[in-house]
Amino acid sequence: MLTWEHIEKMIAHQQFIREKAEIEYKEAKNSVPKDLWHTYSAFANSNGGFILLGIKENEQGHFPELLISGVNDPDKVIDELFSQSCSEKVSKSLLKDNDVKIFQVENKSVIAIYVKAADILDRPIHLNGDYRLSYVRLNSGDHKLTSSELRSFISSYSQKDADGRIVPYASIDDISLSTLDKYRNLLKAHNSTSKLLTLSDEKLLQEIGAYKKDLAQNSEGITNAGLLMFGKHYAITSIFPTSFLNITKKLVM
């Protein structure tokens, strides 16, 4: 995994690794490249990564190399970058001041940008208000999601969102302690030194996503996933009657 330390060393020594899943190089003499936002979306919807502006590929010879071409007015380009990131250009602004740095090498400026992976609830990060302009990072390229891929992508994250929602009025009293004990026993058999075994019931549920504190909504309680996994019979059937029926059928079969 690349860090700022790796980036600083690469630029200082002008020894750049080839583009891959977490790094991209772009020429940017006087402005933000239009295709930068494709990479921004791709990194945000994947595992994050670095974009270096002011680097070009010298295609002469059998072995192309990466060279510093420089950014003429880095402060202007950075202002443009932040302005666009806070506009309708992208669905979510992820950049902070410390995510963008200027490096000077032989009187040339290089801008390094770190794009973090977006939170699940913010994905897919898309462009111009159009979900169809959503990208993911595949090896060294930005891949625009097809219609079917986009539907699958949104569906998978919507399900994760649903699992993490707090069930209104549900509490620890609705949790089956015997089921929770069985989980502890399974955990102990798998990893007897797990720190989870030392936690209280509420802390354990919180660590595994079965109990959640939502600071933004000033609420806390059992999540959908927690109730389905550890809830008492009456609690599950009152909230998820169909789901419980399906689970019961699978267990019986």
Wholly enclosed strands (runs of 3 or more DSSP E) of the stretch 116-235 bearing at least 2 residues of a type outside the set (F, W, Y) and over 30 Å from L36 (Cα atoms): 211-214, 219-222
Close pairs from the stretch 200-228: first on the phi > 0 side of the Ramachandran plot, partner assigned to a loop (DSSP other than H, G, I, E, B), Cβ under 9 Å, at least 6 apart: G209/G164; G221/V167; G221/P168; G221/Y169; G221/A170; G221/S171
The lone exception for I102 - which of (1) in contact with a helix residue (DSSP H, G or I) (Cβ under 8 Å, 6 or more places away or on another chain); (2) modelled with pLDDT under 95; (3) more than 19 Å from D35 (Cβ to Cβ) it fails: (2)
Within the stretch 9-43, considering residues that are of a type in the set (A, V, I, L, M) and under 18 Å from S109 (Cβ atoms), the one surrounded by the fewest Cβ atoms within 10 Å (Cβ to Cβ): A12
Among residues of the stretch 180-214, those that are modelled with pLDDT of 90 or more and of a type in the set (S, T, N, Q), counted: 2
Count of the stretch 68-99 residues which are crowded, with 16+ Cβ neighbours inside 10 Å, of a type in the set (G, A, S) and touching a helix residue (DSSP H, G or I) at 6+ places or on another chain (Cβ under 9 Å): 2
A189, sole failed condition from (1) surrounded by 12 or more Cβ atoms within 10 Å (Cβ to Cβ); (2) free of Cβ contacts under 8 Å to residues at least 12 places away in the same chain: (1)
Filter pass, A42 being aliphatic (A, V, I, L, M) and either more than 27 Å from the chain's Cα centre (by Cα) or not assigned by TED's automatic domain parsing to the domain that holds V105 (or both): no
Subset of the stretch 1-21 that is under 29 Å from E88 (Cα atoms) and modelled with pLDDT under 95 - its residue that is nearest to the chain's Cα centre (by Cα): A21
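The values are calculated or read from the model by the stated rules, or taken from the named source; none is laboratory data. Treat the numbers as computed from the prediction; the structure is a model and nothing was measured. Please note: Cβ atoms are built from the backbone with ideal geometry, for glycine as well, and neighbour counts cover all protein chains shown.
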